[in-house]
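Worksheet: the structure to be examined is printed underneath.
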Amino acid sequence: MRMRIIVYTAAALLIVCIAYVAQIWMEIRSVEPVYARASQWRTDMDKRSIPAEELMSGGPGKDGIPSIDDPEFVSITQAGTWIDGAEPVISLRIEGQSRAYPLQILNWHEIVNDRIGQVPVSITYCPLCNIGIVFDRRITNPVLSFGVSGVLIRSDTLIYADQTASWGQQF
């Protein structure tokens, strides 16, 4: 008899927990669609290839996670005082110049707009899906600078081009 009471109590607690999580999920999903907050954007939200209902707020709004523009670099010796030798980085070599972008910094900024030699690049990192991608910023003239939109699709950061207000998915 006592075992039956324990099992019923555990089942009731499980049902309450599931109902609570479902309620929270419904509240999250019922938040105003991110594309409805278009006042902070010059973007034409009617022109898109991404289903609008899949867009979700990523927390902070546009540029709430600031990109790094024109980053400053330190020597390997200086970096060795605060970075571990096994630290994950996104490494890049262009025109004989090498750079390392530590994930411990990209976790807080997600985008670095840099120039290596004559090549303007954007280093992007999404901490939610652990994906880092490097883009050549010479897509149009003028060269684009990218920022964090504050919007997610399938847990991936949507980036935006400051000059065109276009949104793009990392991958």
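The values are calculated or read from the model by the stated rules, or taken from the named source; none is laboratory data. Owing to the predicted nature of the structure, the values given are computational and were not obtained by experimental measurement. Every residue, glycine among them, receives a Cβ derived from its backbone with ideal geometry; neighbour counts consider all protein chains shown. The protein model used for the area step is the full one, side chains on, heavy atoms only, and it has no ligands, DNA or RNA in it. Shrake-Rupley method; radii C 1.70, N 1.55, O 1.52, S 1.80 Å.
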- Item | Selected residue (criterion: most open to solvent (accessible area, probe 1.4 Å)) from residues of the stretch 95-110 that are in contact with a Leu (Cβ under 9 Å, 6 or more places away or on another chain) and either of a type in the set (Ser, Thr, Tyr) or in a helix (DSSP H, G or I) (or both) | SER98
- Message: Conditions first: (1) in contact (Cβ under 8 Å) with a residue 60 or more places away in the chain; (2) surrounded by 15 or more Cβ atoms within 10 Å (Cβ to Cβ). PRO66 passes all but one, so which condition is the exception?
- Response: (2)
- Item | Residue selected from the stretch 75-94 under the condition without any contact (Cβ under 8 Å) to a residue 40 or more places away in the chain and touching a strand residue (DSSP E or B) at 6+ places or on another chain (Cβ under 7 Å), by the criterion most open to solvent (accessible area, probe 1.4 Å) | SER91
- Just to be sure, is VAL148 open to solvent by less than 10 Å² (accessible area, probe 1.4 Å) and in contact (Cβ under 8 Å) with a residue 60 or more places away in the chain? yes
- Within the stretch 111-142, count every residue that is closer than 15 Å to ALA161 by Cα, open to solvent by 50 Å² or more (accessible area, probe 1.4 Å) and hydrophobic (A, V, I, L, M, F, W, C). 3
- Tell me, which residue of the stretch 25-63 that is open to solvent by less than 50 Å² (accessible area, probe 1.4 Å) and among the β-branched types (Val, Ile, Thr) is modelled with the highest pLDDT? ILE50
- Enumeration of residues in the stretch 131-158 that are under 20 Å from GLU53 (Cβ atoms) and of a type outside the set (Lys, Arg): SER149, GLY150, VAL151, LEU152, ILE153, SER155, ASP156, THR157, LEU158
